Every structure is written in C-alpha cells, then in structure tokens.
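Notes follow once the structure below has been shown.
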Amino acid sequence: MDQLYLEIEISTRKETTIYTSVQSFLALFTYQFLNKPKNVRVNFVATKIEGGKIALRSSELKRELTDQHITCREAASLPAIRDLKLPIYEKDGNTYIAGTCAVCRELISRQSSDELKKLLGFKGSCLLAPSEASIWTKFCEVDVVEVVANLHNGQILDSVPPEVVRFEQHMNEPVRMHNIYKQAREQANQTENGIKIKRRERVQIKCTTPKEQLLIEHRFAEGISFTIADLILYPLLTIVFQHCGQMLPHFPLTSTWFSEIDSFDDKCGRILRDLYIPETVRTPPGELAIPDCEATSLYKADPKRYKPRNRIYTSQSEVEAALEKLSTLQLQFSSDSEHTYGQQLIDWEQIEPTHAKSSALPKERLNRKRQQLENMANAVVSLAKPGDRIVDFCSGTGHLAILLALKLPRCTIIVMENKAFSLLQAQKRTVELGLTNCVFYQCNIDYFVGEFEIGASLHACGTATDIVLQQCRRAKAHFVCCPCCYGSLQPMPHISYPLSEAFQKVLSTKDYLYIAHSADQAHEMGTTNCKPETTLQGLLCMSVVDTDRQLQAEEAGYQVILTRLKPEQCTPKNHLLVGRFVKQN
C-alpha cells in the first residue's frame, strides 16, 4: 500500500483544533476528491507548521488521527520525512515524491479509473513540468499557495493579490492545448439533440489556422477539460476571494470558471466545506484596489526565466569591460590540472553489460560519458567514509548514483531527480544490479531539507549547480560538482550573482551575466567553427564563473580544488569543483 504523509499541528487551547499547511491541505483535498482510494494510506505527521496554517473541520479526520498519527519522535526516525518537505508520497517502499503538484499527480496516476486519470490532461502532461521549468506549475504550486499562506498568517489585504488578476487575464488568453485543432474540428461539427447544426458557411479548420481564430475559449483553467490544475486552484482561489470582500464580480471570467466547476462536479465545493474552517476575515471598508498586471497567458515564457531562445547576447566590448573590472582582484583564473580523478578505470562491462548495445549514444560519445562518470565517482570516493549519506542531485537516469552505490556499498546513496520517467529508469537498473543502498527522491532540489555528508552533481544545468552548492553549504557537506550551461545563469529569489563577496565588490549582476554567457563559447579547440580567440575567451570566462563559486565556498569554510576532468576532451564543460568542509563552529 502506498503512503501519503501530511503535516498537522494540534492545538488544545480551548478545544482540539487540527491545523495543516496549505500544501498538505491540497494533497488532502485531492485525496478526498478521489473518494479516499483504498490503495493509499494517509499518515498525519505532528509538527510545528511554519507560516500560514489551515484549520481542518472534519470530525471524521479526527477519528482517523487515532490510528494514523505519527508523533514528532516517530517522524524523526523516518529519513524521508526528515529529508523532504511535506506532503510526501511514498510508493514501492523506497521512492518518495515531494512537491504539491507531483504528490497530487501521483495520487491520481496510481488509481485504476481511466475517468480519474483524465484529470492529468492530454497525455498525462498537466502540471507535469516542475515549478523550476514551468510558469504554470509555479503559479499553481508556489505563487497562489504563498498568497493563501500569507492570508492565514494574518495578512490584511489592501488590494486584490496580483495572482488573481493574472488568472483572470490568463482565462482571457487563447486556449493552448496540444490537441487544439482536433477539439476545434469537433466543436465545429457539434450537434444539438443529435442534429448537426446548420451553418451559413462551411467551417474549415486547417493546421495553418492561427489558434486565436479557433474560437475555443477557456471553460476550465487549461481549456475545455477539467484537470488537476482546476482541482488545485479551486480551493486556493475560493479562500483568496473570501478575503477579498465583494470583489469576485470584478473578475467575470474567474466567476464563470467557479460556476463551470460547480456545475461540472459539485464535489469540489462540498469537500472544501467539509474540510476547511474559514478564517475570520478582516478587510478594510470599500473595495480593494486592483493592481495592474501585464496581460499574458500563464503558459507563455517568462522573460525573466531562462530559455535557450531567450539567451542574452553581448558585444565583445561588454565582455572585455567586465573582465577588466575583475583585473583589480589580481586573481589567476585557471583550473588546476595537477589534481586528477580520472585515473582509476572501472569495469563497465560488469556494471552495465547490455548498456553499450541498448544505448542510443554512439560508441565514442558513450565512452566520453563514462570518462565523466569515472572522474566524478573517484572524487566522491576520495571524500567518503562508511555510513555517509551521499546525494546525487539532478541524477537523471542514475548513472552516477549507481556507480557510487557500487563503489561505496556501506554508504546510502540518495538518487534525486524531478522527472518521474528518469527516476524509474534508475530504479530498474538498481534492481538489475541487486543494489540495496539507494533511496529515490522525486522532487526539486529545493524540497530537500535533510542532512547529508556529500553532494554531487554532473552537468546540473546553469543555476541548478549553484542551488546544489547552496544545499551543501547548508548541510556543511562536502561537494563534487561538474557545472554546465553557464549561459543559462539567472538570478533567483535565493540565488544572486556574483556569488562571492570578492566578486561582488567589482562586478554588477549584468557584468557577471555577460561573462557567464561568454563561457558557453568554450569548446574543444579546433572542433567547431569558433575562432580560436573566441574559444580561449570562453574557457577564460568559464574559469571566472567557477572561481567565483570556489571563492564563495572558501568564504563559507571549505577547502576547494578547481580542476578539470581527465581526459579533458571527454566534455567541453570539463571543470570539476571538489570541496571539503573544514571550518568547525
């Protein structure tokens, strides 16, 4: 039986009241909507909820707590609960899923009903992309959740939250669906009472017809079908409007959306009334102000979020000016070629005897990938000791994690990846190899809050490398990182550039991004159309960015080696950062 872990806080001041976080509330709401599936057991984890918390009404829920209540002490003995932010979904005994959308998706996908699985949308893709990569997932899982959490933390509104305006504008944008042309043709040939509607002009819908002319309007959040996005947003936006006074009529498309859901399935409203105890609302007299927001679909690319086609382009003079500012630091920007971690060969035929045949990679590229893995594994082994917990961040299909599990059988290897398919492939390979020291976490890096001794990442894209390094500094863990995609570096709420105090004295964020963008021009000399001087500048800029990472770690108490993978031709992005935490408070 699968396990669902939700956080609760029990208050007995006047009478017993059960609270939960907004995220766990959404998972519980989904569980109730699915009619409490018998293949999932709900476990309530007693904890102190940080931020806004929601009071639960259900008397039935209180009865369930008697049998399914995990105390704080018991929770401390369960590694996954210590490691991941709740809610958590456990399946197959060693795989744990964190993140509201991912947990709710898993609740649905593990059901046998094809009708329920339609909630996952076309080809099961609704809210599939993680919030790091999808504006839509971030809106449902982070943005609106934060609004509700703030309201339950005592915030008094003086204006309608911008997220409400963004959703209204989203509902006014053209519908974006993978199968929109098929749906448009079906709508054009619809019937009433079995009789085809007569039209004065024949409706022709071609693939060249602009989507804006297909006359398909939003009925639900993602178009014409009720999906998990509606299931998550319905309780959130209902709560928000309870704090907005009489403002719903000012948002006619959202109002219609509420009505469509209630008429489609009134279960949403009933479950919300059964579970949720409304807050005492304090709103200022008169109508709330409505903020101005850019009218854009929540599916469209966020200009602040990196996409390859949105890569910044810089002039040579801008790059040179930024590099000139660094000259005042009098630093040597070069990686150390003396330290090598690629000397120990691995018997790949023993580890993956069929992989060379089944791999879609050409033999030469497969060999280079294995060389990268050898360097990473040997570096981790040089830092490890028996009993260590080692996290392979952004593990993909688990090649590095599995190699570590084989070389370090007395260590626990945490395989962390946010793509379910990739993690499943890693699981299959561990079963084939008979490995028992791996644990699988399907989540974003930010959902991991546990302690560990070593963190590793091979070609974590762009800012992901810096989030991994941030996690290692939090846990005072050693690290082994081979960065990638320097041009995709972008500031985030918890990551700002430059990273080190030394660089911050001479470079602005814009200067830094000029250098990072140029670092992606680093190629193996003579193998591309780039001029040699362009490639050399790219290599220099790559060293600059990784020196900044090295300095930041050293400022936090690490001894850091910045070296290169061997042979260096195994990848153009061949820098290796090996950090050992030495400072003890």
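Quick rundown of the values:
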| quantity | calculated |
| --- | --- |
| Number of positions in region 87-118 that are open to solvent by less than 40 Å² (accessible area, probe 1.4 Å) and acidic (Asp, Glu) | 2 |
| Any hit, region 570-580, residues being crowded, with 22+ Cβ neighbours inside 10 Å and of a type in the set (Lys, Arg) | no |
| From Gln559, Gln490, residue being in contact with a strand residue (DSSP E or B) (Cβ under 6 Å, 6 or more places away or on another chain) and either part of a loop (DSSP other than H, G, I, E, B) or free of Cβ contacts under 8 Å to residues at least 60 places away in the same chain (or both) | Gln559 |
| In region 329-349, the residues that are modelled with pLDDT under 75 and surrounded by fewer than 15 Cβ atoms within 10 Å (Cβ to Cβ) | Ser334, Asp336, Ser337, Glu338, Gln343, Gln344, Leu345, Asp347, Glu349 |
| Test for Arg474: is it at pLDDT 95 or above, in contact with a Pro (Cβ under 9 Å, 6 or more places away or on another chain) and open to solvent by 50 Å² or more (accessible area, probe 1.4 Å) | no |
| One residue from Tyr512, Tyr447 being farther than 19 Å from Gln552 by Cα and either touching a residue at least 60 places away in the same chain (Cβ under 8 Å) or in contact with a strand residue (DSSP E or B) (Cβ under 6 Å, 6 or more places away or on another chain) (or both) | Tyr447 |
| Residues that are in a helix (DSSP H, G or I) and not aliphatic (A, V, I, L, M), drawn from region 426-454 | Gln427, Lys428, Arg429, Thr430, Glu432, Asp446, Tyr447 |
| Filter result for the condition that a residue is among the hydroxyl-bearing types (Ser, Thr, Tyr) and modelled with pLDDT of 95 or more, over Thr463, Thr412, Thr430 | Thr412 |
| Condition met for Ser457 (surrounded by fewer than 20 Cβ atoms within 10 Å (Cβ to Cβ) and not β-branched (Val, Ile, Thr)) | no |
| Of all residues making up region 12-46, the number that are at negative phi and open to solvent by 50 Å² or more (accessible area, probe 1.4 Å) | 10 |
| For Ile224: the one exception among (1) open to solvent by 40 Å² or more (accessible area, probe 1.4 Å); (2) modelled with pLDDT of 85 or more; (3) touching a helix residue (DSSP H, G or I) at 6+ places or on another chain (Cβ under 7 Å) | (2) |
| Residue in region 188-211 that is part of a loop (DSSP other than H, G, I, E, B) and at pLDDT 90 or above present | no |
| Odd one out for Lys566, checked against (1) under 29 Å from Ile390 (Cβ atoms); (2) at pLDDT 85 or above; (3) under 29 Å from the mean Cα position of the chain (by Cα); (4) buried (at least 18 other Cβ atoms within 10 Å of the Cβ) | (3) |
| Output for region 129-174, where each listed residue is hydroxyl-bearing (Ser, Thr, Tyr), open to solvent by 10 Å² or more (accessible area, probe 1.4 Å) and closer than 19 Å to Cys104 by Cα | Ser131, Ser134 |
| Number of the condition not met by Gln550 [criteria: (1) out of contact with any helix residue (DSSP H, G or I) (no Cβ under 9 Å at 6 or more places or on another chain); (2) in contact (Cβ under 8 Å) with a residue 12 or more places away in the chain; (3) open to solvent by 50 Å² or more (accessible area, probe 1.4 Å)] | (3) |
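The values are calculated or read from the model by the stated rules, or taken from the named source; none is laboratory data. What you are looking at is a predicted structure, and each value in this text was computed from that prediction instead of being measured. Virtual Cβ from ideal backbone geometry, glycine too; neighbours counted across all protein chains shown. These area figures cover heavy atoms from the full protein model, side chains too; ligands, DNA and RNA do not enter into them. Shrake-Rupley method; radii C 1.70, N 1.55, O 1.52, S 1.80 Å.
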